[in-house]
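Visitor: Dropping a structure here in C-alpha cells format, bear with me for questions.
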Amino acid sequence: MSRVEFWQGNTACAEGALAAGCRFFGGYPITPSTEIAEHMARSLPKAGGVFVQMEDEIGGIASVIGASWAGKRAMTATSGPGFSLMMENIGFALMTETPCVIVNIQRGGPSTGQPTMAGQGDMLQCRYGSHGDISPIALVPASVEEMYSLTVHAFNLADIYRVPVFIMADEIIGHMRERIEVPDKVQLSERKPVIDPTHPFRAGCDLIPGFPTFGKGYAVHVTGLTHDDRGYPCTTNPEMHEKLVTRLFNKVESVRDEISLFETINTDSKVVFISYGAPARAVEQMLHDHPEAQIGHLRLKTVWPFGERCLSQFPNAEVFLFPELNLGQISREIERHTRIPVISIPKIGGNLHLPQELWEITERYL
Amino acid sequence: MSGDDWLRKDRLPHIWCAGCGNGTVVNCTLAAVDEIGWQRANTVFVSGIGCSSRAPGYVLTDSLHTTHGRAIAFATGVKLADPSLNVVVITGDGDLAAIGGNHFIHACRRNIDLTVICMNNQIYGMTGGQGSPTTPMGKLSTTTPFGSVEPAFDLTELAKAAGANYVARWTGFHVKELTKAIFSGLSTKGLAFIEVLVQCPTNYGRRNKYRSVTDQIDYMKTHSVLKQKADRLREEGNELPEDTIILGEIVKRSLPAMGVRK
C-alpha cells in the first residue's frame, strides 16, 4: 500500500529519514537545504525525536555523531560551506565507525558562491575532503521519489557498514516538486550486535564490528586516535595503524559492487551517456525526444564507492558522454576504469544542461 | 564502590608528566561521581583534544574522545538523544576557550544538562607549551617568548554571563572543596561548569620561574581568595591585586535547562 503526495525534494528527504527511524537531527540552517531542517524541527518532536539547531555545522555533525553513539539514527543536512566545515568530524565518524547520514543539497561553489543555484561541485570533496585514507558512501538522487527512497537506504547502509553516508543531491532535485508514491512501510536494517565486549572494535571477515551503544554497560572507549581492537589509543605502532585504516577502507571498497546502485537504458548502444543527479533528467528528456537514436544511458545512484561493474553493462560502447554540474569531477574517475573515451560535458553557473544542447553534442558521435 | 572502581586500570600508567595536576582532578571527579551514586553503565565521559582530554580514556565507562574543541557539541548530541545518561565533559583551557569557545558559550546559553570540568593549566601542554587564552599577561610560552601581550579569559565570568546554572572555580590544591564543587555540579539540573587551575611543571612552570611543582601550587594557594572575601573586600573599597585568583561558587541558580532526565 502507498499514498500519493506532491512533494518538494527536501520534504521527501526529511520524510524518508523519519520513515527510516531517524530520531535526531542536529544542524545549522543553510540554503538550499534548510527545508529539511525545518521539516525535521516540526516533525521530530511529534515522533518522540530530538531536533537541535546547533551554533554551526561543526557542532551539527558533532551532535549527530554523539546521538548515534547514544543509539539513535541521526542525520544532518547542509550545503557547500557547511559541508566544508564538517570535514574534520566526518573523518572522526569514519575513524570511529559511527553510522550517520549527511545530506548535501549542493549549490554553486567555491566559497559562498551561488547559494540559490544548483551545482555538483562537492562530489570529490565528499570522497576525499577529510584528511587521511577514507572510503565513505555517497548516494545521488535524481528525483523526489529517490530523495525519499535513497535517504531510507542511506540509513540502512550507515548502520550495516558503520560509516557516514552522504546524500549528494543538488538544489534542483532538492527544490523541485514531483508526484511521489509514499510507501506505508520501508525496509530497515539494524546495527550488528557486539560479539566480544572486551574487544568492541574487533571485526569478523566482513570487516565490520558490532555496535556497542552507550548506556548498555559496554564501557567502550571511542577515540579518533589510531586504536586497537579494544578501542584503546595505539598511535605509534605502524602495523596497528595500517591494519586499522586498511580495514576501514576495505570494509567499503571490497563490497563496492554490492553497494553500487545504477540504472541502464539501451545497453547495446555505441553512444552512452553517464549521469547522476539533476543532469540525468536532461539526458532522459533527450532520449525521450530522440528514441530513434537508441542512445545508451547509465544513471549512477551510488557514486562512492564507484562500482566499475556498471561500465561493463555497455559492451558495445564506443564513447561515454558525461554531463555534470561541475568541471568534470566524476568523469575523471570513470576514465580510471575504462579505455573507452569519456567526454566530459561540464556546466557550472546554476543552469541545467538543455536536452537540445546534449543532442547537438550527441550528433557528433552518431 | 569507591572512586577507584571507576578507573580503567588496564590503561595505566597514564601519559601525564610527573607533577601534573590532571590526576588530582580525575581523582576528585571519580570521588564525586561515586559519592552521588551514579552507575558506570549510564555515565558517559566526553572530551576533546589535549592533555586534559585524555582523562576519559582512564575512566571505566562509555567514553568519547573527540576532535579539538568539539567535546561539548558531541556531548550535546549524546545527552539530548538519551537524557537517561549522565554526561560529564572533561576539557582544557585551549580546547574549551580557544577552538571550542563557541560551543562552550552556546551550551551555557542552552543550559544543557552537562557537567563541564576544565583543567586549566594556562598552556597548551601536549603540543609543548604554546600560549593559550588563559595564559596570564606577561607569562612565557613557546609562542609568547617575550611574555603574553593578550589579556587572559575569565572562564567562570564567561559561563556566568552565558547562562550556566552552576559555576565554580578551585585549584588542584583544594581537593576537598573541588570534590564538593564537582558533586554540586553533578547534582545541578542544567549546565555546571567547574574550572580547576592545575599546575603544569613541564611546560608552564619550567618557563615561568616555578622551580618545583610545589612552587606553582604555593603560588595558587597564596594568590587565591574566596569569592565571599573578595566581594567583601571590594565592598569595603579595597582593590584586589590583578593576579588574584577568585575561588568558590561563582553562580548557583535554577534557570530553565535542556536535556534534563524526566
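The values are calculated or read from the model by the stated rules, or taken from the named source; none is laboratory data. What you are looking at is a predicted structure, and each value in this text was computed from that prediction instead of being measured. Positions of Cβ are generated from backbone atoms using ideal geometry, with glycine treated the same way; all protein chains shown enter the neighbour counts.
Visitor: Does the stretch B:186-197 contain at least one residue that is closer than 30 Å to B:LEU85 by Cα, part of a helix (DSSP H, G or I) and not polar (S, T, N, Q)?
Guide: yes
Visitor: Next up: Which of the residues belonging to the stretch B:145-177 are in a helix (DSSP H, G or I) and farther than 15 Å from B:PHE193 by Cα?
Guide: Across the stretch B:145-177, the qualifying residues are B:VAL175, B:LYS176.
Visitor: Sort out which residues of the stretch A:168-199 are more than 30 Å from A:TYR232 (Cβ to Cβ) and polar (S, T, N, Q), and write them in order of number.
Guide: Selection gives A:GLN187 alone.
Visitor: Considering only residues of the stretch B:6-28 that are assigned to a helix (DSSP H, G or I) and under 20 Å from A:HIS199 (Cα atoms), which is nearest to the other protein chains (Cβ to nearest Cβ)?
Guide: B:ARG11
Visitor: Then there's this: Which number in (1) at the interface with chain A (Cβ under 9 Å from one of its Cβ atoms); (2) touching a residue at least 12 places away in the same chain (Cβ under 8 Å); (3) outside any strand (DSSP E or B) marks the one condition that B:LEU64 misses?
Guide: (3) is the only condition that B:LEU64 fails.
Visitor: So which residues in the stretch A:65-88 are within 16 Å of the chain's Cα centre (by Cα) and outside any strand (DSSP E or B), if there are any at all?
Guide: A:SER79, A:GLY80, A:GLY82, A:PHE83, A:SER84, A:MET86, A:MET87
Visitor: Continuing with the same structure: In this structure, is A:ALA280 more than 20 Å from A:MET168 (Cα to Cα), touching a Phe, Trp or Tyr at 6+ places or on another chain (Cβ under 9 Å) and either outside the structural domain of A:GLN114 (by TED's automatic domain parsing) or among the charged types (D, E, K, R) (or both)?
Guide: No; evaluated as a whole, the condition is false for this residue.
Visitor: Further question on the same structure: With the condition kept exactly as written, say whether any residue in the stretch A:273-280 is part of a loop (DSSP other than H, G, I, E, B), crowded, with 23+ Cβ neighbours inside 10 Å and on the phi > 0 side of the Ramachandran plot. Before you say what the answer is, go through the steps one by one.
Guide: First, the residues of the stretch A:273-280 that are part of a loop (DSSP other than H, G, I, E, B): A:276-278.
Now restrict to residues that are crowded, with 23+ Cβ neighbours inside 10 Å: A:276-278.
Imposing the further condition that a residue be on the phi > 0 side of the Ramachandran plot reduces the set to A:277.
The answer is yes, given that some residue of the stretch A:273-280 is part of a loop (DSSP other than H, G, I, E, B), crowded, with 23+ Cβ neighbours inside 10 Å and on the phi > 0 side of the Ramachandran plot.
Visitor: Criterion first (buried (at least 24 other Cβ atoms within 10 Å of the Cβ), more than 12 Å from the chain's Cα centre (by Cα) and of a type in the set (Lys, Arg)) does B:ARG54 satisfy it?
Guide: So B:ARG54 fails the test.
Visitor: Among (1) more than 14 Å from chain B (Cβ to nearest Cβ); (2) touching a Gly at 6+ places or on another chain (Cβ under 6 Å); (3) assigned to a loop (DSSP other than H, G, I, E, B); (4) not charged (D, E, K, R), which single condition is A:THR213 missing?
Guide: Here A:THR213 clears every test but (1).
Visitor: Scanning for something facing chain A (nearest Cβ under 10 Å), over 17 Å from the mean Cα position of the chain (by Cα) and of a type in the set (S, T, N, Q), does the stretch B:68-82 turn up at least one residue?
Guide: Checking the stretch B:68-82: at least one residue is facing chain A (nearest Cβ under 10 Å), over 17 Å from the mean Cα position of the chain (by Cα) and of a type in the set (S, T, N, Q).
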